[in-house]
Amino acid sequence: KAGVTQTPRYLIKTRGQQVTLSCSPISGHRSVSWYQQTPGQGLQFLFEYFSETQRNKGNFPGRFSGRQFSNSRSEMNVSTLELGDSALYLCASSLDGSRGYTFGSGTRLTVV
Amino acid sequence: DQQVKQNSPSLSVQEGRISILNCDYTNSMFDYFLWYKKYPAEGPTFLISISSIKDKNEDGRFTVFLNKSAKHLSLHIVPSQPGDSAVYFCAATLNGATNKLIFGTGTLLAVQP
């Protein structure tokens, strides 16, 4: 079966711009989580959506937002990009959010 | 505040020997622990997990040990193979927040042929 698909794989943006990343979960999975990976910080939890509702949120500024659609696909948006937002953004899906997460390959965002 | 810590950024091991990757945590409310493996340009892949009510879980070449009193867990890989070379992350969850994985910073394992 198809895995978790993230698009685009690579992205270069300028400071001050905004960006939208997309994630298609495994078919049948209703929970989608987003993580940010930066060198030295490991993976940090951004937020989790289940049935179009945000159930949990990490410690990130309001510039980071997300949403989930009725088909479980999810998008993450970052507004007013800063250099420090350069990172690998990973999406993970699970059936119901109970730990059995499968990760996508990520979107590498570079802010210049 | 890093609640899950992997103090060794890297580890080098000879093929066929044992690899031991360590992880410490500070929050005694964690009830479940997981290990993920990550190759470059790929997402993390689940390896093995352990509930806080157990002290050992084994799956083939991989064994995870949990010492709750020391707030320490370790992943043993025996025997190590060159294909095991990757970054290993430990992660933890809180009961009631199983949808949020709290990760360590990772350990880069290099298995030398």
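Hand me the list of strands (runs of 3 or more DSSP E) wholly inside segment B:53-113 holding 2 or more residues that are away from every other protein chain (no Cβ under 14 Å).
Working: elements: B:56-59, B:62-67, B:72-77, B:86-94, B:97-103, B:107-112.
The strands (runs of 3 or more DSSP E) meeting that bar are B:56-59, B:62-67, B:72-77, B:107-112.
Where strands (runs of 3 or more DSSP E) fall wholly inside segment A:64-111, the ranges with 3 or more residues that are free of Cβ contacts under 8 Å to residues at least 40 places away in the same chain are A:64-68. If you filter segment B:36-85 down to residues that are closer than 18 Å to residue B:8 by Cα and among the small types (Gly, Ala, Ser), you find that the one that is most open to solvent (accessible area, probe 1.4 Å) is B:70. For segment B:1-30, which positions are more than 15 Å from the chain's Cα centre (by Cα), open to solvent by less than 80 Å² (accessible area, probe 1.4 Å) and facing chain A (nearest Cβ under 10 Å)? Answer for segment B:1-30, where residues must be more than 15 Å from the chain's Cα centre (by Cα), open to solvent by less than 80 Å² (accessible area, probe 1.4 Å) and facing chain A (nearest Cβ under 10 Å): just B:2.
Within segment B:37-52, restricting attention to residues that are under 13 Å from the mean Cα position of the chain (by Cα) and not polar (S, T, N, Q), the residue that is nearest to the other protein chains (Cβ to nearest Cβ) is B:44.
For beta carbons closer than 8 Å, sequence separation of 6+ or different chains, a first residue in segment B:72-97 that is closer than 16 Å to residue B:61 by Cα and a second that is of a type in the set (Asp, Glu) and part of a helix (DSSP H, G or I), the qualifying pairs are B:77/B:84. For segment A:36-51, filtered to residues that are farther than 17 Å from residue A:101 by Cα and part of a loop (DSSP other than H, G, I, E, B), the residue that is farthest from the other protein chains (Cβ to nearest Cβ) is A:39. Checking each residue in segment A:52-101 for being more than 13 Å from the chain's Cα centre (by Cα), within 14 Å of chain B (Cβ to nearest Cβ), open to solvent by 50 Å² or more (accessible area, probe 1.4 Å) and of a type in the set (S, T, N, Q) picks out A:53, A:59, A:98. Check whether at least one residue in segment A:9-30 is facing chain B (nearest Cβ under 8 Å) and open to solvent by 70 Å² or more (accessible area, probe 1.4 Å), and report yes or no. So far as segment A:9-30 goes, no, none of its residues is facing chain B (nearest Cβ under 8 Å) and open to solvent by 70 Å² or more (accessible area, probe 1.4 Å).
The values are calculated or read from the model by the stated rules, or taken from the named source; none is laboratory data. Every value quoted in this text rests on a predicted model; they were computed, and no experiment measured them. Neighbour counts run over all protein chains shown; Cβ positions are idealised from the backbone, glycine included. For the accessible areas, the whole protein counts, side chains as well, though only heavy atoms, and no ligand, DNA or RNA atoms are used. Shrake-Rupley method; radii C 1.70, N 1.55, O 1.52, S 1.80 Å.
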